[in-house]
Amino acid sequence: MADLRDLGLSEYEARAYRALLETGPATAKELSAASDVPMGRVYDVLNSLERHRLARSQAASRPKKYLAVEPDAALDRLLADRRRELEEEAEQYEQVVEELSAELEPGEPVDEQFWTAAVGADDTADLLLERLAAADDRVVMIAATPTSGLDIGAVGERVAEELEAALERGVSVSLLLSDDLPATLPASVGERYADRMAAHPEFEVRTTPRLRGTFTLVDDNEVCMEVPSPVDPDESFAMIDLTDPDFASDARETVRRRWEESEPLSF
């Protein structure tokens, strides 16, 4: 159940404001009795409500009386205060991230075998996007079937965004697609590639027939292999991320042979 405390008020402030709405103009003593806010705290609470512009006082009266601001105005002010606080917190977190990004550095590339896996379409997409974001030198994506995350609406947009970001930080990007795959891409994804990436000198797209296998080679050292669902081959089931220099070398050789047989894609 929603509560005024959810918008930043203390328990006593929430009680006092609700009581003022019910009683109308009231003295501090009257409000203390109506709200069960201790008399020793009620003046601090009323001053706080005035600072939040949730109550107004009639200073000319003796004793001083207080009146609650109408609920719609009060809630709008509380919401505005919370938004401002959240924006300030977000700025602080962004500053922390900026400082940590400059401080934290990845270690040397792993030169021994290591693998992990993600199961399910969402986790599979997240793992692929994470590894694309980690690329420092080169990304090669091999997409033989529509199971690749490249073709699914929002996921395709996110992949395209990560590839574009990789190009901006100096990573070369090569896509080798099955020749029937481009026609299955959403128009918005194709437009992004054509309008914002195709002219980049480090970006290449080629197509080839009878391509088998769907995987991504990251920095010539890491391979993300997509596993289609055994129930529905058109859906992604899992992603295996394998860091293994020897396996990556075999994958590079496979890519090289098929790349030589491929044709540039015309956008």
Give me the angle, in degrees from 0 to 90, between the Cα long axis of helix 245-261 and the longest principal axis of the Cα atoms of the chain, rounded to the nearest 10.
-> 70
Determine the dipole magnitude for region 114-264: charges of +1 sit on the beta-carbon of Lys and Arg, -1 on that of Asp and Glu, nothing else is charged, the reference point is the Cα centre, and the result goes in debye to the nearest 20.
-> 360
By counting other Cβ atoms within 10 Å of each Cβ, how are D246, D126 ranked from fewest to most?
-> D246, D126
Describe numerically, in nm with one decimal, the distance between label points set 7 Å from Cα along Cα→Cβ at E103 and at K64.
-> 4.5
Square roots of five times the C-alpha gyration tensor eigenvalues of region 114-264, ordered largest first and given in whole Å, equal 20, 18, 16
Assign one of three labels to region 49-143, namely rounded, prolate or oblate, based on the Cα gyration tensor with a ≥ b ≥ c the square roots of its eigenvalues; rounded applies when a/c is under 1.5, prolate when it is not and a/b is larger than b/c, and oblate otherwise.
-> prolate
For the chain, longest principal axis from Cα atoms; helix 121-134 axis from its Cα atoms; angle between them, nearest 10 degrees, is 80
Where labels lie 7 Å past Cα in the beta-carbon direction, separation of D44 and A90 in nm = 3.3
When a footprinting reagent is the concern and you count Cβ atoms within 10 Å, what order do S266, S32, S188 take, fewest first?
-> S266, S188, S32
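With +1 on each Lys and Arg Cβ and -1 on each Asp and Glu Cβ, how big is the dipole of the chain about its Cα centre, in debye rounded to the nearest 20?
On the way: 28 positive and 59 negative charges, 442 e Å.
Dipole magnitude for the chain comes out near 2120 debye.
Quick one: net charge of L175's neighbours, Cβ under 11 Å, K/R +1, D/E -1?
0
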To the nearest 10 degrees, how steep is helix 153-168 against the longest Cα principal axis of the chain, on a 0 to 90 scale?
-> 80
Amide H neighbours of V227 at under 5 Å, excluding residues fewer than 5 places away on the same chain, with H built from the backbone geometry, are F237, A238, M239, I240
What label, among [x] -0.75, -0.82; [y] -0.62, -0.74; [z] -0.86, -1.00, belongs to log10 I(q)/I(0) by the Debye sum over Cα atoms at q = 0.12, 0.13 Å⁻¹ computed from the structure on display?
-> [x]
Simple label model, 7 Å out from Cα along Cβ direction - R53 to D246, nm | 7.0
Here region 50-64 yields Karplus 3J(HN,Hα) values (6.51, -1.76, 1.60; θ = phi - 60°; whole Hz; Gly and Pro given as x) of 5, 4, 7, 6, 9, 8, 10, 10, 10, 5, 6, 7, 10, x, 4
Report the calculated FRET efficiency for E11 and S188 (r = Cβ-Cβ distance, R0 = 35 Å), to the nearest 0.05.
-> 0.10
Could you give me the percent of Cα pairs per 10 Å distance bin for region 1-104, shortest bin first, beginning at zero and ending with the bin that holds the maximum distance?
-> 14, 40, 22, 12, 8, 3, 0
Would you mind ranking M239, M197 by Cβ crowding within 10 Å, fewest neighbours first?
-> M197, M239
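Laboratory data are not the source of any read-out in this text; all were calculated from the coordinates shown. Quantities reported herein were computed from a predicted structural model and do not represent experimental measurements. Glycine gets a Cβ as well: all are built from the backbone with ideal geometry, and neighbour counts include every protein chain shown.
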